[in-house]
Every structure is written in structure tokens, then in C-alpha cells.
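Worksheet: the structure to be examined is printed underneath.
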Amino acid sequence: MTDEIQAEADTETAGDESTANDQTTLLAEGEKTTDDPADKNDADPTGDQDKNADKTANDKDETAESEDGDPDKEDGDDDEAEPITYDLKVQEGMEVDEVALGSFKELAAAMNDGKGLSQEDAQKLVDFRAEMVKGAMDQWETTFSEWRGEIQADKQIGGDNFQSKTVPNVLAAAEKYGGAEMVKLLKTDKMYGENPHIIRMLNRVGETLAEDKAERGGQAAPPAKDAAEIMYPKESKG
């Protein structure tokens, strides 16, 4: 009787271990778990208990074979595995960030449980991102165009005053308080050089500098034509 209770307890313990192993945790994913044969062979091998023990051993062997798999087959899979390479195209006219593109290729190769995305799926993601970037760029170009119209329509800083007064005032203020880097930023970055709020502010500062120079008998501002050609070459040409 004692032996039967022991055998049943061992069987229940094995069932609990099997259930726990089904709920694989992160720490357990890379670790192969094998059962201890001694846990299921403690019962006295007589009568029906012999059959149960044999069945348990057979089940265990089948489980081990299922976990271990066919070594030859696994070796074959490893031999067939090749590094995934992607030949991804970017829309014509768009600048390519090679570092970001390389990081995306690494990410795509690691997805899908390590099998990697297909060339077609990876290209679809690149095209989707390109469309998003292009949409943002088009929106900014619209904003820049609106800013230019606002500047030119402003009676104080636009129109005839733009080349003759506004541009010299803005450049003088930028050079005085921002240095060469600020001047370069205004000339090369539309976020700053075409922002009407920044232009108005720097124009007022430039007017103050010009008044101070005039009081001291100095030159109020650099030649307007040269400054306009440097900052806004398209507008200065007509």
C-alpha cells in the first residue's frame, strides 16, 4: 500500500513539473530542462506498478527525444542558415541616413523569431517611413512658403524695405550678438532665416545698432545689395 501511494505521488509530481515547464519564462528559454529518471523509478517494480513505471519511462524517453530533436536535422538547419542581407531602396531625391538604415536592417534581420523579415516586407516598411518623411517635408515647405509671403507682405520688414533695410539690420544684429555661427544659421536654415518672428525681432535690434552708429558718425549698415544677395540670393536677383 505504501508503495502504491509513493508511485501515485511520483506521478503527480511529474505532472506538476510538466505543467510548470509549459509556462516558459525568459530565463528558461535558453536553458534545456531534463527530468531526473530517479524521480519516477522509486516505486517497487511489481505487477501494475511495473507497467506504470515502464510507461512513465517510455513517456520520458519520448519527451527527451522530442526536446532533443534529431541531431542530424538540427545540424542541417544550422548549415542551411545564412546571414540575411537586404537590398533596400529609398525614394529618389531623398537623403539616406546610412547609420539609421543599417540599424533598421539589423532590426529586420532579428525579427520574426530570429528568422528575419522578408525582403518584400522590409522594403514595405522603408517605403512607409519614406512616405511619412516626405509628407513632413512637404508640410514644412508649405510653411516656409507662407512665411515668405508674410514677410514680403509686412510693410515694415517686407516690400522695398526688405533688401534695403531689413536684411542689413538682421545680419548686423546676428553678427553682433550671435557671431558667425548665428549668421550662418540664418543663411542656411529656413527654420530661422525665413521665420517672420525671428526676422522682426532681429530687425528691431539691427535698427537700434544702426541708430547708435549714426550717432557716433559711423556707417549705419553694410551695403544692402551685397547683404541681400548673401542671405536671400533668389530675391536679390529679382
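Every read-out reported here was derived from the displayed coordinates using simple, explicitly stated rules and does not represent laboratory data. Remember, predicted model here, so these are calculated numbers, not experimental data. Backbone-built Cβ (ideal geometry, glycine too); neighbour counts: all protein chains shown.
The table for this structure:
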quantity: Value of relative contact order over the stretch 83-125, rounded to a whole percent, pairs C-alpha under 8 Å and six or more apart; calculated: 46 percent
quantity: Loop-located GluC sites (Glu not before Pro) in the stretch 139-203 whose Cβ has at most 15 other Cβ within 10 Å (DSSP); calculated: none
quantity: Karplus-derived 3J(HN,Hα), 6.51/-1.76/1.60, for each residue of the stretch 109-126, Hz, glycine and proline x; calculated: 5, 8, 6, 6, 6, x, 7, x, 6, 6, 4, 5, 5, 5, 5, 4, 5, 5
quantity: Cα convex hull of the stretch 99-199, projected area averaged across orientations, nm²; calculated: 8.9 nm²
quantity: Net charge of Cβ neighbours under 9 Å - reference Phe144; Lys, Arg +1; Asp, Glu -1; calculated: -1
